Amino acid sequence: MRHFLSTAHLDSSQILNLIDRSLFFKKQIQNNQYSKPLLNQFISLLFFEASTRTKFSFEVAAKNLGANVLNFTPETSSLEKGESLLDTLKTLESLGTTLAVIRHSDDELIESLSEQVSLSLVNAGAGKKEHPSQAILDLLTMIEHFGLGRKLKVGIVGDIHHSRVAKSNETILKKLGHEVVFSGPKDLMPKTAHTYEDFPTLVKTCDVVMMLRMQFERHEKNYIEKESYLHTFGLTKKLAKEMKSDAIIMHPAPINWDVELETGIDQLPSSKIFTQMQNGVYARMSILSTLWEMRGGK
Ligand code: CP
């Protein structure tokens with residue numbers, strides 16, 4: 001593994017190794033221990049789309065590992081003078097960066113650059129296609145709650161069409177033998193074959209109810225009525241009472257309150273939304289340190 005680009009590139013043992021390593025780092029950090037395997041290395045963060053969780057959790061992860069972080073700001077960089085992203089990456093490499101974490105609106109750009117650079121690229125969200133580090137932190141959250149042995153039924157609900165989170169989660173979960181079902185407005189479902197369930201059935205039968213953000217900024221037209229969505233495909237506190245006794249609620253966040261989730265859902269004991277965010281640090285420590293090791297520590 002020279003880059004971390006896509007869930008499609010990971011086999012089940014690589015996925016489980018990333019989870020094991022995340023759990024190791026979680027325990028270490030909770031015991032206030034820092035082994036700093038990337039001491040004095042430089043990691044660059046290049047975010048071409050807005051982010052709070054992914055950007056800062058990669059930054060915390062890198063710093064926990066001992067690395068220095070370069071925060072690249074596209075608007076104040078020489079991209080404004082016409083420099084290409086490829087030349088930007090080669091420049092960062094010349095300055096000593098070994099790992100570059102990139103978020104971009106283009107589905108394919110990060111992967112296409114990966115063959116042209118010597119530094120290792122980490123996909124922090126590629127368009128509508130992939131968000132592989134989110135899928136690792138989501139899996140970590142599920143495994144912490146249910147253990148490793150249980151085969152789960154995971155329901156993913158909402159704006160599947162525009163969701164890189166849904167696609168990365170589906171790939172990883174199916175590789176590990178879990179069942180994935182979708183629900184949501186017909187126009188926002190993928191065009192390819194998948195398993196669908198009506199929303200109330202999904203809520204009652206799934207171990208994980210993963211609600212997705214309605215990605216209004218990617219909508220080419222009005223797909224939903226914002227005011228009434230909560231009562232068609234949104235999770236209300238009343239509906240959440242229908243969930244299995246040990247089922248959990250997940251959401252990658254940010255959240256459109258009272259659109260896909262009723263205000264206050266995050267306070268239910270079954271909500272893992274803030275655990276997901278916390279686990280983002282450990283999952284990303286695992287990803288960065290694994291890549292560093294795969295590079296032979298240089
Ligand atoms: N879940 C997620 O990717 O959040 P951010 O957009 O804030 O990084």
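Could you count how many residues in region 155-213 are part of a helix (DSSP H, G or I) and either under 19 Å from the mean Cα position of the chain (by Cα) or within 16 Å of the ligand (Cβ to nearest atom) (or both)? Step through it out loud before you land on a result.
In the first step, residues of region 155-213 are kept if they are part of a helix (DSSP H, G or I); the result is 164-175, 186-188, 199-205.
Retained after the next criterion (residues that are either under 19 Å from the mean Cα position of the chain (by Cα) or within 16 Å of the ligand (Cβ to nearest atom) (or both)): 164-175.
Residues flagged as part of a helix (DSSP H, G or I) and either under 19 Å from the mean Cα position of the chain (by Cα) or within 16 Å of the ligand (Cβ to nearest atom) (or both) within region 155-213 amount to 12.
Please determine, by comparing only the residues of region 132-168 that are open to solvent by 10 Å² or more (accessible area, probe 1.4 Å) and among the β-branched types (V, I, T), which one is nearest to M285 (Cα to Cα).
I143
Can you run down the residue pairs with Cβ atoms below 7 Å, 6 or more apart or on separate chains, where the first is in region 203-218 and under 15 Å from P254 (Cα atoms) and the partner is part of a helix (DSSP H, G or I) and open to solvent by 10 Å² or more (accessible area, probe 1.4 Å)?
Listed pairs, sorted by first residue: L212/V165.
Need the failing condition index for G125 against (1) part of a helix (DSSP H, G or I); (2) surrounded by 19 or more Cβ atoms within 10 Å (Cβ to Cβ), just the number.
Condition (1) is where G125 drops out.
In this structure, is V69 of a type in the set (A, V, I, L, M, F, W, C), open to solvent by 50 Å² or more (accessible area, probe 1.4 Å) and within 16 Å of the ligand (Cβ to nearest atom)?
Details: of a type in the set (A, V, I, L, M, F, W, C): yes; open to solvent by 50 Å² or more (accessible area, probe 1.4 Å): no; within 16 Å of the ligand (Cβ to nearest atom): yes.
Judged against the criteria, V69 is not a match.
Those residues that are more than 13 Å from L46 (Cβ to Cβ), of a type in the set (S, T, Y) and within 16 Å of the ligand (Cβ to nearest atom), I need them from region 105-116; list them, please.
none
Of the residues in region 92-104, how many are surrounded by 15 or more Cβ atoms within 10 Å (Cβ to Cβ) and either more than 24 Å from the chain's Cα centre (by Cα) or away from the ligand (no atom under 16 Å from the Cβ) (or both)? Talk me through it step by step, then tell me what you get.
Step one: of region 92-104, the residues surrounded by 15 or more Cβ atoms within 10 Å (Cβ to Cβ) are 92-93, 97-104.
Next, only the ones that are either more than 24 Å from the chain's Cα centre (by Cα) or away from the ligand (no atom under 16 Å from the Cβ) (or both) stay: 92-93, 97-100.
The total comes to 6.
Would you mind stating whether K174 is free of Cβ contacts under 8 Å to residues at least 24 places away in the same chain and open to solvent by 10 Å² or more (accessible area, probe 1.4 Å)? Let's see the steps before the verdict.
Values: free of Cβ contacts under 8 Å to residues at least 24 places away in the same chain: yes; open to solvent by 10 Å² or more (accessible area, probe 1.4 Å): yes.
So K174 passes the test.
So, of the residues in region 265-298 that are surrounded by fewer than 19 Cβ atoms within 10 Å (Cβ to Cβ) and closer than 17 Å to S57 by Cβ, which turns out to be nearest to the ligand (Cβ to nearest atom)?
Looking at the filtered set, the residue picked out is M277.
Yes or no, residue by residue, for (1) away from the ligand (no atom under 16 Å from the Cβ); (2) surrounded by fewer than 19 Cβ atoms within 10 Å (Cβ to Cβ):
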{"site": "R218", "(1), (2)": "no, yes"}
{"site": "L230", "(1), (2)": "yes, no"}
{"site": "G234", "(1), (2)": "yes, no"}
{"site": "K238", "(1), (2)": "yes, yes"}
{"site": "P252", "(1), (2)": "no, no"}
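S84 fails exactly one of the following numbered conditions: (1) in contact (Cβ under 8 Å) with a residue 40 or more places away in the chain; (2) surrounded by fewer than 19 Cβ atoms within 10 Å (Cβ to Cβ). What is the number of that condition?
Going through (1) in contact (Cβ under 8 Å) with a residue 40 or more places away in the chain; (2) surrounded by fewer than 19 Cβ atoms within 10 Å (Cβ to Cβ) one by one, S84 breaks only (1).
Working only within region 20-55, note down all residues that are more than 16 Å from the chain's Cα centre (by Cα) and in a helix (DSSP H, G or I).
Answer for region 20-55, where residues must be more than 16 Å from the chain's Cα centre (by Cα) and in a helix (DSSP H, G or I): D20, R21, L23, F24, F25, K26, K27, Q28, I29, Q30.
Please tell me if N71 is of a type in the set (S, T, N, Q) and assigned to a strand (DSSP E or B).
Details: of a type in the set (S, T, N, Q): yes; assigned to a strand (DSSP E or B): yes.
Spelling it out, N71 is indeed of a type in the set (S, T, N, Q) and assigned to a strand (DSSP E or B).
In this structure, does H3 turn out to be open to solvent by 70 Å² or more (accessible area, probe 1.4 Å), more than 26 Å from P254 (Cα to Cα) and not β-branched (V, I, T)?
Details: open to solvent by 70 Å² or more (accessible area, probe 1.4 Å): no; more than 26 Å from P254 (Cα to Cα): yes; not β-branched (V, I, T): yes.
The answer is no for H3.
Report yes if some residue within region 272-284 is assigned to a loop (DSSP other than H, G, I, E, B) and of a type outside the set (G, A, S); otherwise report no. Steps first, answer last, please.
Here is the first cut: in region 272-284, the ones assigned to a loop (DSSP other than H, G, I, E, B) are 272.
Checking which are of a type outside the set (G, A, S) leaves us with 272.
Checking region 272-284: at least one residue is assigned to a loop (DSSP other than H, G, I, E, B) and of a type outside the set (G, A, S).
Out of F42, F58, I need the residue that is within 16 Å of E130 (Cβ to Cβ), among the aromatic types (F, W, Y) and in contact (Cβ under 8 Å) with a residue 24 or more places away in the chain. Which one? Reasoning before the result, please.
Numbers: F42 fails: within 16 Å of E130 (Cβ to Cβ).
None of the other options fit; the residue is F58.
Condition (residue is more than 13 Å from the ligand (Cβ to nearest atom) and surrounded by fewer than 13 Cβ atoms within 10 Å (Cβ to Cβ)) applied to region 45-60: is it met by at least one residue?
Here is the first cut: in region 45-60, the ones more than 13 Å from the ligand (Cβ to nearest atom) are 46.
Going one step further and asking which of them are surrounded by fewer than 13 Cβ atoms within 10 Å (Cβ to Cβ), we end up with none.
Among the residues of region 45-60, not one is more than 13 Å from the ligand (Cβ to nearest atom) and surrounded by fewer than 13 Cβ atoms within 10 Å (Cβ to Cβ), which makes the answer no.
Quick check: anything in region 181-194 open to solvent by 30 Å² or more (accessible area, probe 1.4 Å), closer than 17 Å to A247 by Cβ and among the acidic types (D, E)?
no
Only one of (1) away from the ligand (no atom under 16 Å from the Cβ); (2) under 25 Å from the mean Cα position of the chain (by Cα); (3) not polar (S, T, N, Q) fails for G82. Which number is that?
(2)
The values are calculated or read from the model by the stated rules, or taken from the named source; none is laboratory data. Note that the structure is a prediction, hence the values are computed from the model and not measured. Backbone-built Cβ (ideal geometry, glycine too); neighbour counts: all protein chains shown. Surface accessibility is based on the protein's heavy atoms, side chains included, excluding ligands, DNA and RNA. Shrake-Rupley method; radii C 1.70, N 1.55, O 1.52, S 1.80 Å.
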